Structures are given as C-alpha cells and as structure tokens.
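Participant: Take a look at the following structure, please.
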Amino acid sequence: MLRYTLRRLLLAIPTLLVISFVIFALLDLAPNDPTANLPTTIPPEVREQIRLSLGLGEPFLIRYLKWLYQFFVNEPLNLLQSAFGIEIGDASERLRLRSWTTRSPIVDLIVERAPQTLTVVGLGYLTGILIALPIGIISAYRKYSWFDQIGTLVSMIGFSVPTFFTGLLLIIIFSVNLNWLPSIYDTSLRVTDWGSFTAQLKQMAMPVAVLGLYNAAQISRFMRASMLENFGQDYVRTARAKGMSEHVVIFVHVLRNSLIPVVTVIALGVPQVFGGAIITEQIFRINGLGELLISGIQSADIPLVQTLTFIFAVLIVTFNLIADILYGILDPRIRYE
Amino acid sequence: MMKWHGAIGAAAAAVLTISPAAAQRGADGEVKILYWQAPSILNPYLSSGVKDVEASSVVLEPLASYDEKGDMVARLAVEVPTLANGGMAADLKSITWKLKPGITWSDGTPLTAEDVVFTAEYCMAPGGGCSKLSAFTDVEKVEAADPLTVKISFKSAKPFPYGPFVGGESAILQKAQFKDCLGAKAAQCTKENFAPIGTGPFKVAEFRANDSIRYVANDKYRDPAKPAFASIYMKGGGDPASAARAVLETGEFDYAWNTQVEPEILERMAKAGKGEVITAFGNYLERMHLNFTNSRPEAGDKRSVYGDGSNPHPVLKDPAMRRALALAIDRQLLVDTGYGASGRVTCNIVPAPEVYTSTAVDWCKTPDIEKANKILDEAGWKKGSDGIRVKDGVRASLLYQTSTNSVRQATQALIKQMWGDIGVATELRNIAGSVFFGADPSSPDTSQKFFADIEMFAWTYVGTDPETNLGGSTCKEIPEPKTNWLGTNFSRYCNPAYDKLAAELAQTADLAARAALVKKMNDMLVEDGVMIPLIYRGRISAISNKLAGHRHNAWDVELWNVADWTRKK
Amino acid sequence: MSELDLIAPRADEAAEPAALDQAHRSLWSDVRRQFLRHPGALVGMIVLAAIVLIVLAGPYLWTVSPDRINPRIANRGMSLDHPLGTDNLGRDLFAQVMAGGRVSLAVGISAMLIAVTLGTTIGVLAGFFRRLDGILMRMTELFLALPILPLLLVIILLFRDVLRDLFGPSAGIFLLIVFVIGITSWMQTARVVRAEVLGVKERDFVLAARSIGARPYKIIFRHILPNVLSPIMVSGTLGVASAIIIESALSFLGLGFPPDFPTWGRLLYDGANYMTLNPSRVIWPGLAISLTVLSVNFIGDGLRDALDPRLRS
C-alpha cells in the first residue's frame, strides 16, 4: 500500500503539469476578453493598451512558463516568508501571481474567500451526507416501503429542481414573506458573541439547506442502490443463516461492502466544496471561491482562473488517491501493487 | 437580523464621535448600498468596469462633476473654466483650472496642483494600462502654475476641453500615495489601489475585492456637517432582480444600482411599499448596427472587411431594405415589454441633451408595416413561397446578434416577428457579454468583428458633447484586420460627405453652429440606415423610502452626491 | 452460477444453436415479465410515454405557435385559450412547454447515453486492466479539472460554424450541446464503475472464470457488467436530470440554444423572476422536468431489478 501511494504521488507530478498546460491552453484559446466589461466610452485603442499592460502581447509559451514559475517558486517562497519571517532573496522584486481585475495577489484573494466557502458549502455538503446515508440505508432495507417511496420522491425532486429555483423560492418565502432570514450573506460578519452567532446561523440557513438537499439527493441514490446490490449477495444469506443479528448484518457486512461507490461519489464531491457552489453563492451573495471563479471567467481573468482551477486539480488528484486507498481498506480483496 | 445591523451601525458611530467637529456628521448611522456587479478595485484608472469607478467615487473626486441635468459643477475647482470667465484660452488650445483653497486629503495633507499634474502623469505613463487614456490623447502637457492653479495645454484646438479631470472616471489621485506606482508598477500597488486616499466624504475602512466595502466618514471632509452617514456598507454580487428585491421587498438595503429587469417585475416588487424605482436619462442609447460589408462565411478572408469598399453586404447594400427594416420596428412595444419607465422611443443617434436632438427623422417613431412592404415591393424584393423575400437570387435572411441579457433576448424575439411581417427572415444569436464586448482579435464573436448582419447593444459616451460619439462613424474608424479590428465604426459606413462634417465639427466652438452640425450628422446616419436607433434608455435604480438627499444622475457616477444623503426620520 | 445466464452467450460459443435460441427468448421474456411486475417501473413507463406522446403529438393538436408574440395578452394565468397561461411577451406556455420538451428530452437522454457509455467503458477498462488504469484515471482527473465554461467557449468557438454549415443552425447547436454535456459528465460514472469493478474482479466467481481460461471480454460482459449495473443505472437516471439542468445553465450563460428556442430548463430559468407574478411559468416546466426525472428513475429501478438474477422469482 505504501509503495502504491508513493508511486501515485510521484505520478501526480507529470499529471498535474499536463493538466496545468491543458487548462492554460484552454483559457488562452477561449474568446472572452478582460476589457469586455469596460464601458463603451473606452475606445478600442485604449483597450489594446490595457491588454498589452496585462502581458497579453507575449507569446503563449512564455506566459505559461511565467505562470509556472510564479506558482511553484515565487508564491511558495512568499508563503514561507510570511509564515516564518525569513527573508529569502529580494521579496519586493519577486513577481507575485496577480489577478487582472483586482490587480492584487491571487493567494490573498483565495485566503479572504475560503472561510465563507468552506463554512457554507462545506456545511451544506456535510448536511447532505448526514441526511443521505441514513435515508439510503433505510430505503434499501425497507425497499418499496412508504419511507422508500417518499425518500425517492423527495430526493429525485431535490435533484431535478435546479438550485437557482430552490434558492429563489426559499428567499421569497423566508426573506420576503416571513422576513425571518436575510437574503444577502454578510461576509464581514465576525462571530464574537451570542448575537453575532445567531446572525451567522440565520444567514447560513438557506444556502446550507439548498446545498444539503441537492447533495443528499444524489448521495442517497447511490447509497440505496449499492445497499440493494449487496443485500442480494450470498454472503448476506450466509451471515443471516449463521444467526447473526440484523444489526450486525446491515452495519458490519452490507454497509461496509456498499460504501465503495458512495466513497467515490463523496470523494469526488470534496474538491467541489473548495470550488464552491457557483449558483448558490451567487443567489445568496456569499461571494466565496465559486463566485471568484465565475467572475474570473466572466472577466477573462486568466491568471486567477488558471490558479484556482489548478488548485482544484490538485485537490481532485489528492482525493481520488484517498478514495483509492479507502477502497483497499473497505475491501481487502482489492490489491494494488 | 435588525439587531446586528444596528450593532454595527452603533459601533461605527461610536468610533466617529471622537471627531469633535461633528455636530451633524455621522449622525445617521450606516447606509447600505448594493451593486450587483461587485467592485474589484478602487482606482478608477485601473478599473475593469463601471462598478469600480462608482465605488471609487465615494472617496476620490474630480475637479468637476456632471449634475443630474448634465451641467458641469465644480467640485475641487473654484469654477468650471470657460471662454466667458477666461479659464479657456481664446485659441481653444489650453485651459486653466483653479483649485478651491483649504482642501485636504483624508490623511490631513493639503491638496495641491501637483496632485493634479501627477494624476495626468500617472494615466499617461506607458505600460500602465490606464483606462482613461483617451481623455489625455490630445494633451500636450499638464503643469502647475502655482500650488492652486493647473494649466492643461492641448496639441490642437479643443472646443470641448473637459476630458481630463471631469467626471468620476477621471478623479484626482494623491501624489504622495501613488508616486511609486507609475507605468508597469501600477498593478503592484495593491494597498494603494484598494484604499486610495481621497478628498471625498468617505474613506475606505475595509475593502474585500469583488465582495464588499466598508467606508467610514472622512473626518477631514471640507464641509464639517457632512456626510450625515457615519459609514457605508457596499455589497456586490448577484443579479439585478435580486438586487431590486433587497431594496424593494425585503428592505435589507437602502440603494441598489442598475436594476434593469422587466418592468412588470419591478412594479410588483415596488408594491411592497419599502422603496421605489427611479430613472434618470443621460445619453444611453440602445441601437442596432447594420453591416455594410459581406459578413457571410462564404466571404472567407474578406468577411466583414471593408477594404476598398468592393465587398458590400448582399442584402443590406440595398437602401430600400435598410429603410424598410427601420420602418417595421414598433419601438413603443419594445419599450413597454422590456423597459417600462426606463425607456423612451427615439429616432436619434444623439438622444440628448435637447440642443443636439434632431426632429427631422421622427418618421421612424410610428411603425408602418404597409409602407415598409411597399418599399420592398418597389425595390424588387419578391416574396417567395415561404413568405421570405428574394431579389436577384438573394434571400432576405439576416443573422441578428446581441449580448446575453433577458431583456435583449425579448427585444430580439419581438423584432424577429416584426421583420417576419415584411418578409424578412431572422436568425437570432446571443453571445456572452464577456466575449461580445471584448476586443480579443482572435475571437469571431466580438461586436467589432461583427460576423453577423445585424447587431444590437447600448452605447453611451462621457459628458454631454457628442463629438467623439459621432466621430465614431467616420471611415478611419472602420475595424479592419490590419488595425487589429480596432475602431468604433461597427457598421463599416464610409461616406466622404459625413467625414467632412465630422472634421468641421472638430473645429467649431460656437454652440449653435455645433448643434446644427450634430443634427445634420445625426440625420445622415439615420436616413442612410447606418444604425437603427431603438430606445433611449435611462439609468434605473432602486431606492429605499428611508433614504433622502439622493439626486439620480445619468451623466456621471450615481454616487456623485453621496455626501448629501441622509436618513429619513 | 446464476450470473452466467444474464447475458446470452454468443452464437459461436454455444454448443447447440437451437438451445441457445430458446435460452435467449426465455431470458428476455423473463426480464420483461419481471419489469412489468414492478409497479414503480410500470407507472414510470406510462408517465414517460405520456410525456413523450404529448410532446411529440401535442403540437399537431394544439396548433398555437410557441413563438407567436402578442404583448396584449402577456402574463396571463391559466385559461381556456391558454391552458397553461402566457409569458411576458404573450407567448402560449402550453405550446412552449411542448416545444421545449422535445429539445429537453432529446438533450437529456442523448447526453446521458453518451456520458454513461463513455463512463462505463472507461470505468470497466480501468478497473479490469491494471495496465490501462493509470492512464485512464489520469485522463479522468484531467477532465474533472477542466473548467467547464471556458471549455464550452472554446468548443463553441471551434465547431459552431462548421456544424451550422453542415446541419443548419438548430441541429448544429443541438449536436454541439449534447456532445459538450456528454463529454463533461462521464467522469463520475467512470470513477464509480471502476471502484466497483476493482472489488468485483477479486470475487470468487471471477477468479474461477479466469482460472478456467475465459477470455477477458467474456468475463467483462458475463460477470463484471451485470454486477456493477446498480451504480450505472443510478448514474443514468441522475444523468438525465443533470443534462436537462446543465442545458438551462448554458442557455442562461448565452452558450446554449438561440433565444427563440425554448427548452424546459430555459423556461424555468426565464420564469423564475416571475414566480410571484405568474406561478404558472415555473410550475409547469418544473413539473415537467421533475416528472421526467422521476419516471426515468423508476424505470431505471425496474430495469435493475429485472436484470438482477438474484431477485428473480
């Protein structure tokens, strides 16, 4: 297992390099333009000047190599410096990765935005998992019971109604008509006392509910299907025949063997927590990483989008590896050499 | 919810009571403003959109602003220099601004002419990517005659010399703060760009890029009684409809910028009684461009290229067709379905101010399908079996593109049907704004490349003077591959008679003579079917019933008089 | 072992063609009988058939044009003239929901088929052949990492005009969208299927088949695929819903169908702001999507049960 993990980690380096190159090429090919949001009062000649000042005049490969250098050398050096206070080289001369729209270091933007994304989207995801697992298990155990039918109905509706609709519906009910919850998330709110804590809970309630419903729908379907698959297996019959209690059969045998596809789906979803929930963040104005990414795409902020998607890629590679290792733990028959 | 808003307001007020001069300043707590496009930077010269300029205007001020009537009013200057008061040279080649004495920056240092000179230097520095550069193109030099006097000299006569330092886009930066941020270094001054020191009523307390800004009252502001609010919380993100909802229905915010949504939705929201929708008209015009060159894929390399003029559009080259297309459009219907009170029917390329507006082309205000059909019949466009007209083997079928926006898509659908009634087929296409309004020369979908037959978008220009606007339709402004598709003559219209009028306008100072020329050029563009003006659009925003003192302005930034805003008791 | 008779043996491997024929018939009639006995699947089948029938045949009976604009009757609720009401330009919603259904159903089902086929193939290959695992999973990671919006912009930039010339404006954009949704949503299926295959291939019956020298493709089709059918079915049913919704997100971003081309997702999106003004604008397209997804899901459940030899009575 250790050798396998090490090999995968080594393999991750060329994989990530290829991914970063493909993403960069893709962003470069895409036809959106950083000067597109400027008012029409700015003439095209000035737009051309702005594009040149952003470095768009340089050849593609040079820009890619510059990005690589800044991402893998300059930014880590900066992190080290700010973490330990050691001076390495001349920090003021070191070019940092900067966003084109804010002209500020991208790492600072990510640090500023990560908290709200991790709390809201992360909590939404966690809620989804916590709802989905029991629903999936009970639905499978009592297949076609009323519980299963209602669970299926709710989760399929949860999955088929887009978040832009559920979000708006909740706002109209709880913000407009009942006036209970704020429709706009205040990112500058600091939790210091009971009052600010309830305010934080209130502003998180709707987005977490929207995301929870959506995630629960998906995961519970996979959980149910996988449990059903295993209930029919011979080893369950054997276990029951041996007189094991239903609890042991379900939670020790069936659940453990059913978790493999669920673990895959959950592991695939974790990087997406970091990537943020683009639509939900926009509806409630949470302005987290998802919003940063989409606004970066809309304003053709190539360095920002490149950096964010690359970090995203690193997480995907990492969590896929974690999932692969978990398979081996859940099912000892799976072996990697 | 109300509890913590109150708590923040109280905290901010507590901070401000330290200032002894504040008899009134800061008494009204916090005002909450919503911009659905979030500000990304507070330096207007590096802005990537209007929202950045708006957000910076609370802190930074220009020498003069445009008021809600489109008249210039002095801000940091004593008065607006004119020929009459001697501030403008008789040869129209220079202008002298006098600063108000005693103005200080929010850090307490005095504002001097050096700051103004520096601001010009900052914008003109090569490699800086200054977005206001075009205002300085004809500037020869900017110099400080004494600490309170600035002289701007132009390379040629400038009948309208108010490009630099007028309006929120051209605010004055503090030299002491930005002196190390010239040229290519401009982008690296994050601290400066996120919290510029200004002379305005507020200063930046916290800036979260693309998210929110908290401003607090500037205790050094020149009027000791202002601003009435102790702080501003400006939030960004979302979409126009939800921005309007936050003011009109939930009452969470006091002001929402640019709430352009279908009129019936706003009407419904306003019924909640918490606020109202306000509109102000500047020179914002929704218009259509007709492509004079062949834009079909079969044109190959010459697609939408004017060249020597031998590449005309197969359908739109016929003036009768262009006239019929303009006649068939029921503009009132477009206004009613998409704009309501924020739109007016217009037939002019220069929709305002009144001195410049022509009445000679008002024929387009009343749609006339019958007449349009007759014109096409007479021009030899015969209806085929599918109801679509054909002439010389060319089918009257047009590709009509615009940016993605629900109101624009409704307009597209309406116009498609109106043109269907005169036997013209239309294929609709919508393109993401970030692509359509971009200037990426490798993209086929930009408004400048115009690989379509018709395109529609809104156009505006700085201030009240239409010279640059009309100058955009001269031959030299035609976007071509050899100029990297730069230029604002989207229609590829080239008429020597028009160019002559444009040259004359650039030399004329007398207002009446200018107005006559402007009208003549306006009529020419409409009669020739270069553009089809559709709707004179207003700036639409939502304002809470609890906010007073706001004067809605479409000629300058919307927050231009934020110092005068107060809380209604 | 019971898994053996799930997929009929191929003719060249069968000792007696006649016996095979019979086995074949009894297998599929068995599946059909099993499927029809499943109440959920039956209801799902009827509902989906009804939706398809309304969407396909409806426009011949209800001849109001979906894009005929008439602002004088804008924002009407349900009435006899307009059974589902009208939108803000006075277009008939019933006609629009039917026209939109054709596109949405076609997009949803074909994009799902592409995604599931691609995902299953890649997942099985990666899980079964250790040598292919590395390269295929790295490719999956690449696709997972690609930002979908710029990818779409590039694909549209490269292929829109070519497809428009070949197939006309609407068919061209249809192919483009189905292709884009298909190739950007197979990764989850691939990962899940691979994970299942990794476990299944170590089970005794696979080891047994291997030890008697069964060829890999035979093992895959006879032993592996039937045992990983559950997650594939779930992916497929969820895939229809997500394809319909992704399409609406694309339309919203200006990358989907032209604006005069209604789809369910787009109708729902355009109607969202009219929710309080005219509820019919969100109820009907929303209901159409949910009903379709639910019925597809129940059919999937029924198919899975019918194909599962262990559950066969």
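Participant: Give the residue list of chymotrypsin sites (Phe, Trp or Tyr not before Pro) in the range C:111-157 that are DSSP loop and have at most 15 other beta-carbon atoms within 10 angstrom. Mind showing how you got there, number by number?
Facilitator: Values: sites: C:PHE128, C:PHE129, C:PHE143; in loops: C:PHE129.
Passing both the DSSP loop test and the Cβ count: C:PHE129.
Participant: Which order do B:LYS191, B:LYS519, B:LYS32 fall in if you start with the one that has the fewest other Cβ atoms within 10 Å?
Facilitator: Working: B:LYS191 12, B:LYS519 19, B:LYS32 24.
In order of increasing Cβ crowding within 10 Å: B:LYS191, B:LYS519, B:LYS32.
Participant: Check cross-link reach from B:LYS271 to the aspartates and glutamates: straight Cα distance under 17 Å, and skip same-chain residues fewer than eight apart.
Facilitator: Leaving aside aspartates and glutamates fewer than 8 places away in the same chain, those within reach of B:LYS271 are B:GLU249, B:GLU252, B:ASP254, B:GLU262.
Participant: Go through B:LYS155/B:LYS302; B:LYS69/B:LYS546; B:LYS449/B:LYS519 and tell me which ones have a Cα-Cα distance over 31 Å in this structure.
Facilitator: Checking Cα-Cα distances, B:LYS155/B:LYS302 exceed 31 Å.
Participant: Send over the per residue convex hull volume for the range B:251-293, Cα only, as a whole number of Å³. Numbers along the way, then the final one.
Facilitator: Details: hull volume 4.7 nm³, N = 43.
Each residue corresponds to 110 Å³ of Cα convex hull volume.
Participant: Each residue of the range A:232-237 in order: what ³J(HN,Hα) in whole Hz does its phi give by Karplus 6.51 cos²θ - 1.76 cosθ + 1.60, θ = phi - 60°, with x for Gly and Pro?
Facilitator: Calculated HN-Hα couplings, in order: x, 6, 4, 5, 5, 4 Hz.
Participant: Let me ask you something else. Out of residues 5 or more away from B:MET288 or on other chains, whose amide H comes under 5 Å of its own, with H placed 1.01 Å from N in the peptide plane?
Facilitator: B:ILE532, B:LEU534
Participant: Would you mind ranking A:MET1, B:MET418 by Cβ crowding within 10 Å, fewest neighbours first?
Facilitator: Values: A:MET1 11, B:MET418 22.
Arranged by neighbour count, lowest to highest, A:MET1, B:MET418 become A:MET1, B:MET418.
Participant: Can you run phi through the Karplus equation (6.51, -1.76, 1.60; θ = phi - 60°) for the range A:142-157 and list ³J(HN,Hα) in whole Hz, with x for Gly and Pro?
Facilitator: The phi angles translate into 9, 4, 6, 7, 5, 4, 4, 4, 5, x, 4, 4, 5, 6, 5, 5 Hz.
Participant: Tell me whether chain B comes out rounded, prolate or oblate; compute the Cα gyration tensor, take square roots of the eigenvalues as a ≥ b ≥ c, and use a/c under 1.5 as the rounded threshold.
Facilitator: Details: a/c = 2.13, a/b = 1.51, b/c = 1.41.
Since a/c reaches 1.5 and a/b is larger than b/c, the shape of chain B is classed as prolate.
Participant: Right, another one. Only Cα pairs within less than 10 Å get springs; with that Gaussian network setup on chain C, which residue of C:ARG222, C:ARG91, C:ARG33 has the largest fluctuation?
Facilitator: C:ARG33
Participant: Quick one: which of B:400-406, B:545-551 comes out on top by average Cβ neighbours within 10 Å, and what's the full order, highest first? Don't jump to the answer; show the numbers that get you there.
Facilitator: Details: B:400-406: 21.3, B:545-551: 16.7.
Top of the packing list down: B:400-406, B:545-551.
Participant: Using all C-alpha to C-alpha distances in the range B:60-192, build P(r) with 5 Å bins and read off the rounded percent in each one.
Facilitator: Pairs per bin, as whole percents: 2, 11, 20, 24, 21, 14, 7, 2, 0.
Participant: Once Rh for the protein assembly as shown is found with the Kirkwood sum over Cα pairs, what is the Stokes-Einstein diffusion coefficient at 10 °C and 1.306 mPa s, in µm²/s?
Facilitator: 48
Participant: Further question on the same structure: Provide a whole-number value for the mean count of partner chain Cβ atoms within 10 Å of the Cβ atoms in peptide C:194-206. Intermediate results must be reported in sequence, preceding the final value.
Facilitator: On the way: counts 3, 15, 6, 1, 9, 8, 4, 2, 5, 5, 2, 1, 0.
The per-residue average across the peptide is 5.
Participant: Amide H neighbours of B:PHE202 under 5 Å, counting only residues 5+ apart in sequence or on other chains, H built in-plane at 1.01 Å?
Facilitator: Those lying under 5 Å, H to H, from B:PHE202 are B:ASN218.
Participant: Could you please state, rounded to a whole Å, how far the C-alpha centre of the range A:140-160 is from the C-alpha centre of the range B:180-259?
Facilitator: 48
Participant: Also, quick follow-up: On a straight-distance basis, which lysines could pair with C:LYS201 in a cross-link, Cα separation under 17 angstrom, same-chain partners fewer than 8 positions away excluded?
Facilitator: Once the sequence-local lysines are set aside, what remains near C:LYS201 is C:LYS218.
Participant: Shape of the range A:22-140 from its Cα gyration tensor (a ≥ b ≥ c, root eigenvalues): rounded if a/c is under 1.5, otherwise prolate when a/b > b/c, or oblate? Before the final figure, lay out each step's value.
Facilitator: Details: a/c = 2.44, a/b = 1.49, b/c = 1.63.
Cα axes put the range A:22-140 in the oblate bin.
Participant: Determine ³J(HN,Hα), in whole Hz, for all residues of the range B:339-348 in sequence, where each value follows from phi through the Karplus function 6.51 cos²θ - 1.76 cosθ + 1.60 and θ = phi - 60°; x replaces Gly and Pro.
Facilitator: 10, x, 5, 8, x, 9, 5, 9, 10, 10
Participant: Still on this structure, I have one more. Distance between the C-alpha centers of the range C:77-126 and the range A:167-228? Whole Å please.
Facilitator: 29
Participant: Also, I was wondering about something else. Which order results if C:ILE46, B:ILE415 are arranged by neighbouring Cβ count within 10 Å, fewest first? Don't skip to the end; give the middle numbers.
Facilitator: Working: C:ILE46 11, B:ILE415 25.
If I rank by nearby Cβ atoms, fewest first, I get C:ILE46, B:ILE415.
Participant: Chain A: percent of C-alpha pairs farther apart than 38 Å?
Facilitator: Values: 17866 of 56616 pairs.
Here the long-distance tail beyond 38 Å is 32 percent of all Cα pairs in chain A.
Participant: Sticking to Cα atoms, compute the Rg of the range B:179-255 to one decimal and its Dmax as the biggest Cα-Cα distance, whole number, in Å.
Facilitator: Spelled out, the Cα radius of gyration and Dmax of the range B:179-255 are 15.8, 47 Å.
Participant: Right, next: For B:GLY343, list long-range residues whose amide hydrogen, built 1.01 Å from N in the peptide plane, is under 5 Å from its own amide hydrogen.
Facilitator: Under 5 Å from the amide H of B:GLY343: B:GLY538.
Participant: At 222 nm, what value in deg cm²/dmol follows for chain B if DSSP H runs of at least 4 each add -39500 (n - 2.57) and the sum is divided by all its residues, to the nearest 500? Display every interim value, and only then the final one.
Facilitator: Numbers: 15 runs with 136 residues, N = 569.
Mean residue ellipticity, 222 nm, calculated: -7000 deg cm²/dmol.
Participant: Follow-up. With N set to the residue count of the range B:466-544, report its C-alpha Rg divided by 2.2 N^0.38 Å to two decimal places.
Facilitator: Details: Rg = 15.1 Å, N = 79, 2.2 N^0.38 = 11.6 Å.
So the range B:466-544 has a normalised radius of gyration of 1.30.
Participant: Check cross-link reach from B:LYS520 to the aspartates and glutamates: straight Cα distance under 17 Å, and skip same-chain residues fewer than eight apart.
Facilitator: Cα-Cα hits under 17 Å: B:GLU354, B:ASP362, B:ASP465, B:GLU467, B:ASP499, B:GLU504, B:ASP510, B:ASP528.
Each value in this text was obtained by applying a stated rule to the coordinates, not by laboratory testing. Everything quoted here is computed from the prediction, not taken from an experiment. Here Cβ is always computed from backbone atoms with ideal geometry, including for glycine, and neighbour counts include all displayed protein chains.
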